[in-house]
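Any read-out appearing in this document is the output of simple, stated calculations on the displayed coordinates, not a laboratory observation. Just so you know, these numbers come straight off a predicted model, no measurement behind them. A quick note on method: Cβ atoms are made from the backbone with ideal geometry, for glycine too, and the neighbour counts reach across all protein chains shown.
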Amino acid sequence: MAKKAYGLNTICTHIGEIQDEQFKGSVSPIYMSTSYQFEDVDIKRYPRYFNTPNQEFLAKKMAALEHAEAALIFGSGMAALSAMFLTFLKKGDHLVVQNTLYGGASNFIKEEFPKYGIEFTFTDGYQISDFERAIQPNTKVIHIETPSNPLLTITDIKGVAELAKSKGILSTIDNTFASPVNQNPIDFGIDVVMHSATKYIGGHSDILAGVLMASEDIINRVWHVARNYGGSLSDMTVWLLERSIKTLGLRVKAQNRNAKKMARFLENHDDVKSVNYPGLKSHPDYALAKSQMKGFGGMMSFELREGLDASIFQKQLQLIKSSMSLAGVESTMLSPHLTSHALLTQEERDKVGISNQLIRFSVGIESKNDLIHDIEQAIQRTKELVQVYM
Ligand code: PLP
């Protein structure tokens, strides 16, 4: 009988385990050495070369999760993203990049690319025609983010992959918001998948890491560049990340369920003006999201109705933390204009629709009723404070 491919939770638990041959322990040992005796002259193990035992085995797990041939583990999402761009773009090349994008990535492109002589165009929107219009004769990479941070816009992954392929351009995606549980872009033809593993993959707000997944050939090309920049992850943290991923499937599915309930609750609330969540039928790209995502994720953003100040509201939360980052098992909220997208100008934020009232909500695994109660009491308290009477 042919061997059945493992299911998600089996991959999370068992793929990339290092067998403890010496003591038969149940979990992977950690190899902290920065110096390894030569097995043969071609294999030089060194943590900055991304090839210690823990780094190599975790890469197998990540590759399996994203249906890729190979992976590289980095010290942060930005280390992964910068290594990816600087491998495939050189002086005189051009990048087409989605306009609704994580602020740090936009910033990297705008601040660093001119120093390398790399050209770029931010699209006017996230429809296929917007990407097509932005392509130039020297375009080498098209980069997308879907669902995007913080507006949860949905880009047609297959459409972008096909467009890129038809023109001989590499397609790359930031898949952080979806996580490999909810979306596997390689199945739709995307060449390189990138994650900030600081988010769902780590999942406990205690690890900074990044990861790239692609074909053997692409990962090999990135490896040659990345070992020069030095952005690998320490083996202790690689080991912690492997442990975190054992519950990735369970955590993200619980977050999907909670988020759907929270999105419906917010959408039906009189004091909420709008909700951006791809799992709501009111989302403009609900059908597209449904066709390319297995779950709608734990991220959303919303605006309270006029007069209910977003900052005052967040200060009233008692259970949900108003804090940076996202995707941990604990629920968090923040104002993108003050944090993730603070480096964009007001004009740039207005253009894509990031208002000062927008609140990004990362839904955790807490009991739904407790989250609802916290939001409800914070709204009531905000009303009292801003003296808005019904
Ligand atoms: N991509 C997205 C969508 C993010 O939200 C972030 C961080 O918030 C990053 C990339 C950067 O990842 P890191 O902070 O791990 O460098």
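At-a-glance table
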{"quantity": "At 0.890 mPa s and 25 °C, Stokes diffusion of the chain via Kirkwood alpha-carbon radius, µm² per second", "calculated": "113"}
{"quantity": "Given 16 as the ceiling on other Cβ atoms within 10 Å, longest exposed-site-free region of the chain for chymotrypsin sites (Phe, Trp or Tyr not before Pro) in DSSP loops", "calculated": "39-388"}
{"quantity": "Region 1-75: trypsin sites (Lys or Arg not before Pro) in DSSP loop, at most 10 other beta carbons within 10 Å", "calculated": "Lys3, Lys4, Lys24"}
{"quantity": "Degrees, to the nearest 10: 77-88 long Cα axis against longest axis of the chain", "calculated": "60"}
{"quantity": "Relative exposure of Ser355, Ser171, Ser340, judged by other C-beta atoms within 10 Å (fewest first)", "calculated": "Ser355, Ser340, Ser171"}
{"quantity": "Under 5 Å, built H, 5+ apart or other chain: amide partners of Ser232", "calculated": "Gly75"}
{"quantity": "Region 267-333 and region 60-115: distance between their alpha carbon centers, rounded to Å", "calculated": "26"}
{"quantity": "Inter-label distance, nm, simple model (7 Å from Cα along the C-beta direction), Val386/Glu306", "calculated": "1.1"}
{"quantity": "All lysines inside 17 Å of Lys246 as judged from Cα atoms, apart from same-chain residues fewer than 8 positions distant", "calculated": "Lys60, Lys61, Lys199"}
{"quantity": "Among beta bridges that DSSP assigns inside the chain, antiparallel share in %, nearest 5", "calculated": "55"}
{"quantity": "Per-residue HN-Hα couplings for region 284-301 [Karplus 6.51, -1.76, 1.60; θ = phi - 60°; Hz; x = Gly/Pro]", "calculated": "x, 10, 4, 5, 5, 4, 4, 7, 10, 10, 8, x, 8, x, x, 9, 8, 9"}
{"quantity": "Karplus (6.51, -1.76, 1.60) ³J(HN,Hα), θ = phi - 60°, over region 232-249, in Hz, Gly and Pro reported as x", "calculated": "7, 9, 5, 5, 4, 6, 4, 5, 4, 5, 4, 4, 4, 5, 4, 9, 4, x"}
{"quantity": "For Ser322, distant residues with modelled amide H under 5 Å away", "calculated": "Met333"}
{"quantity": "Within region 153-190, trypsin sites (Lys or Arg not before Pro) in DSSP loop having at most 15 other beta-carbon neighbours inside 10 Å", "calculated": "Lys167"}
{"quantity": "Table column - 3J(HN,Hα) (Hz), region 62-68, Karplus curve with 6.51, -1.76, 1.60, x for Gly and Pro", "calculated": "5, 4, 4, 5, 9, 6, 10"}
{"quantity": "Region 87-126: trypsin sites (Lys or Arg not before Pro) in DSSP loop, at most 12 other beta carbons within 10 Å", "calculated": "Lys90, Lys91"}
{"quantity": "Interchain or long-range residues, amide H under 5 Å from Phe120's placed H", "calculated": "Leu95"}
{"quantity": "Gain in span if fully extended, Glu366 to Glu162, counting 0.36 nm per residue against the direct Cα distance", "calculated": "69.5 nm"}
{"quantity": "Per-residue Cβ neighbour rank within 10 angstrom, fewest leading, Glu384, Glu56, Glu21, Glu145", "calculated": "Glu21, Glu384, Glu56, Glu145"}
